[in-house]
Amino acid sequence: MTLDPTVLPGLLLLAAQLFALSAVGFVVARVALRQTDDRLALAQGLVIGLALWGLIVNFVLHVLPGMSGALAGWIVVLAIGAGIAWQRRRDLRLPARTLMGFGLAMAVIFCMALASRQLLIIPDEIAHGTLAATIRAGGWPLRWSWNPDLDLAYHYGMDLLIGLLRPPLGPDLGFTTELLGAYSWTAFVILVMALLMRVGSWAGILTLTPLLLAPGAWTLVFGE
């Protein structure tokens, strides 16, 4: 597998976006949800950040479609995170050892998930790529192509994230789909592992983790 150097700026921007969303998610988990377990709060943050941004943008797009809505969503989400963090700064401190261990585990699982995705075929790739491109271009609300007067009732949440989080330079929609697919599955695996460490045992983690990382268990996760 080779990497085109021209996509590196876009990859760094995408990584920065995901880091910012996970940080906001951690703040929400720690303060709003009162999660005292460090690892579980970090794991919940990975999921909460993406979900919160996507939910807010989903409504903002009705007023500001396309990338304008994405920018407005960023302003709202970052304002929420900063407001909560400013009031409860002391509750957000984490041991350096916990952060390093969490980051290492996430990096390993992400690489495994991304490598596995190269062996899979995304069902309805044309349909999902078209939806992501349409959302990015400002087509909102989504319509059925064969009936433009009918709104599209469909699970387009992941397509929204792909279309609007894709950097302006670097990864295309296909590459962004692979990256966000691996990131989403990594967040899920990390969350399950953190929960098992909180209420279960290492035996449970060692038994369940290989199943979570098996490609057959998540073939349709990001391409329903």
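The values are calculated or read from the model by the stated rules, or taken from the named source; none is laboratory data. Small disclaimer: the values here were computed from a predicted structure and weren't measured. When we count neighbours, we look across all protein chains shown, and the Cβ atoms used for this are built from the backbone with ideal geometry, even at glycine.
Quick look at the values:
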read-out	value
Test result for Leu46, of a type in the set (A, V, I, L, M, F, W, C), touching a residue at least 24 places away in the same chain (Cβ under 8 Å) and surrounded by 24 or more Cβ atoms within 10 Å (Cβ to Cβ)	yes
Residue check for Thr176: among the polar types (S, T, N, Q), touching a Pro at 6+ places or on another chain (Cβ under 9 Å) and modelled with pLDDT of 80 or more	yes
Within segment 28-43, considering residues that are in contact (Cβ under 8 Å) with a residue 24 or more places away in the chain and surrounded by 24 or more Cβ atoms within 10 Å (Cβ to Cβ), the one nearest to Val192 (Cα to Cα)	Ala43
Top-ranked residue in segment 1-56 [being over 12 Å from the mean Cα position of the chain (by Cα) and hydroxyl-bearing (Ser, Thr, Tyr); ranked as nearest to Leu161 (Cα to Cα)]	Thr6
Leu52 vs. criteria over 18 Å from Phe175 (Cβ atoms) and buried (at least 17 other Cβ atoms within 10 Å of the Cβ)	yes
Condition met for Ala182 (surrounded by 21 or more Cβ atoms within 10 Å (Cβ to Cβ), over 12 Å from the mean Cα position of the chain (by Cα), at pLDDT 80 or above and in a helix (DSSP H, G or I))	no
